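To start, the structure under review is shown below, and the notes come after it.
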Amino acid sequence: MNRTRLLVLAVAFGSAGLAIYMAKGLVGTKKEVKTVEVSKVETVDVLVATKNLQMGEKLVGGSIGWQSWPKATVAATMITSEANPEAKTKYETARARTAIYEGEPVIEKKLVLPTENGFMSAILPKGMRAVSVPVSAETGAGGFILPNDRVDVLLTRKIDDGSNQKSSISETVLTNVRVLAIDQTFRPKGEDDKEYVVADKTATLELDPRQTEVISMTQDVGQLSLTLRSIRENDGVPLADIVPRLSEKYANGTENSEMTIIRYGIPRRVTLN
């Protein structure tokens, strides 16, 4: 065997040994796993809207709820379970002062409670007005009219029957009107959740703009009375033919309408004034 062949064999054996050594080193090396420790974020329950709430909408059960929130990002205006655990129950009678979106934290400045200023405007439907009229036990169904009841409005006034005597007539001015408040009472139930009678001096009614004009005019003509409607009649049909007639008559300051009064069997035509 010549020297060249021996040299080639020596190199080959050396390369094979080096390969075996390197292979053993790779097999015996354990893969190092780097462990990253994640710190736990401290949270607190925050009161949020569980659905979109429109301006004036009541926060009925299910519209607000508790949601975990990173404690480090909780603002002072947010309502937390730690500071106010009864907040969910407390604000179920409140209304949204402005729009609140689903998932948005509920803050007190965006709510209005029945005992706070601004609640009346919050409960008024769009396009409606709140108008107060004086009432008493005699003109308000004996004090049994409560907030959210439905009433008819009557006008009683004196007329000249042409014989130097004054006669009283009554006519229905408005019907199926919702009572918003009696005096400054918004709720028809007391602390014991039982209905009670309100000693009333004023009644606040929910009216549309045309009805508001009629009430304003008729208050100077005679005495207004409220008649309580049955709860089964709260979907009655308004007297649409009466409201425009009264509105036009009193707005123009003319009262040329006539009616027939029968006294002692004798009919007499009189002018309403």
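Pairs are defined by a Cβ separation below 6 Å, a sequence spacing of at least 6 or placement on different chains, a first member in segment 64-90 that is free of Cβ contacts under 8 Å to residues at least 40 places away in the same chain, and a second member that is part of a helix (DSSP H, G or I); the pairs so defined are Ile79/Ala87.
Could you please find all residues in segment 70-97 being more than 25 Å from Val44 (Cα to Cα) and among the polar types (S, T, N, Q)? Answer for segment 70-97, where residues must be more than 25 Å from Val44 (Cα to Cα) and among the polar types (S, T, N, Q): there is none.
Kindly evaluate Asn117 against the criterion of being part of a loop (DSSP other than H, G, I, E, B), of a type outside the set (A, V, I, L, M, F, W, C), modelled with pLDDT under 85 and not assigned by TED's automatic domain parsing to the domain that holds Gln223. So Asn117 passes the test.
Count of segment 49-102 residues, restricted to those that are in a loop (DSSP other than H, G, I, E, B) and within 18 Å of the chain's Cα centre (by Cα), is 18. Being at pLDDT below 70, touching a strand residue (DSSP E or B) at 6+ places or on another chain (Cβ under 7 Å) and surrounded by 12 or more Cβ atoms within 10 Å (Cβ to Cβ) is true of Ala141.
Residue-wise test of (1) at pLDDT 50 or above; (2) under 19 Å from Leu155 (Cβ atoms); (3) of a type in the set (Val, Ile, Thr); (4) crowded, with 20+ Cβ neighbours inside 10 Å.
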position: Thr185; (1), (2), (3), (4): yes, no, yes, no
position: Leu205; (1), (2), (3), (4): yes, yes, no, yes
position: Asp220; (1), (2), (3), (4): yes, yes, no, no
position: Gln223; (1), (2), (3), (4): yes, yes, no, no
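Does Val197 count as outside any loop (DSSP other than H, G, I, E, B) and either modelled with pLDDT under 85 or more than 23 Å from Thr93 (Cβ to Cβ) (or both)? Judged against the criteria, Val197 is not a match.
The values are calculated or read from the model by the stated rules, or taken from the named source; none is laboratory data. Everything quoted here is computed from the prediction, not taken from an experiment. Backbone-built Cβ (ideal geometry, glycine too); neighbour counts: all protein chains shown.
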